[in-house]
């Protein structure tokens, strides 16, 4: 039988890992003041995978259980530090920018390109990232979000929409959540994140796949009934109507309106001479 080989960690590496862990605890204690410091520390932990040595399966799990930081926040803080570093933006040039703005800007990938329709050429996305970070203090969050959406091609029909619905807990846990898990298994992996971990499809992706499957099945749509062959019942016309229709066949030059309106006066029709 094969035996598991224990991972041997050098004293120096173990000491650095322990010091990093202790430092992150202190930084998380005053997150408002040390946000960028914690972002850089989280990036270091992410790239060295030292959280595995601490008994956690992911950076998000470690952040939530030990630092009291939500997993999603830990991920985007580490991403801010990584994108700014890889884009060549010095800390002094971005640490004064609001985290909300940095989160939006660094959702762009430095590996991507943007097709400039005016110049008719592809341009490195990293140039736009650097420019947006430099201009961020003068721009509103809405303006930055709009520009980021444009660079991602999420405009017009591709613009992202947010919709919210309320359901009971039992409906979500027993019906919706089970359905979503089944759809995700069928869709498979949505790629890999920065740590190499498989990403799941979002709820929006799942809903789109579910609705597309429903719309693609003609059995889910009832055809409209054809009323063209239905027999229409015609009411019997009154004597007045028949008499007035008979007058249409009489060649006459003029019928006095006053005579038609006075029932006691005979109708005079002059024949052609």
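Just so it is clear, none of the values below were taken in a lab; they were calculated from the coordinates. Everything quoted here is computed from the prediction, not taken from an experiment. Because the Cβ atoms are built from the backbone with ideal geometry, glycine has one as well, and the counts that use them run over all protein chains shown.
If you bin all the Cα-Cα distances of segment 9-86 at 10 Å, starting from zero, the percentages per bin are 20, 57, 22, 1. Listed by Cβ neighbour count within 10 Å, with the fewest neighbours leading, 101, 70, 111 appear as 111, 70, 101. From the Cα gyration tensor of segment 81-215, with a ≥ b ≥ c the square roots of its eigenvalues, which class applies: rounded if a/c is under 1.5, or else prolate if a/b is larger than b/c, or else oblate? Prolate, because a/c is 1.5 or more and a/b exceeds b/c.
Footprinting exposure proxy ranking of 84, 179, 211, fewest other C-beta atoms within 10 angstrom first, gives 211, 179, 84.
Listed by Cβ neighbour count within 10 Å, with the fewest neighbours leading, 23, 82 appear as 23, 82. Shape class for segment 171-218: oblate, because the ratio a/c of the largest to smallest gyration tensor axis (alpha-carbon atoms, square roots of eigenvalues) is 1.5 or more and b/c is at least a/b.
Put the Cα centre of segment 25-70 next to the Cα centre of segment 120-138 and the gap is 29 Å. When you count the other C-beta atoms within 10 angstrom of each residue and take the mean per peptide, 41-52, 87-98 line up highest first as 41-52, 87-98.
Sequence-distant contacts, meaning Cα pairs under 8 Å at least 6 residues apart, place the relative contact order of segment 9-86 at 30 percent.
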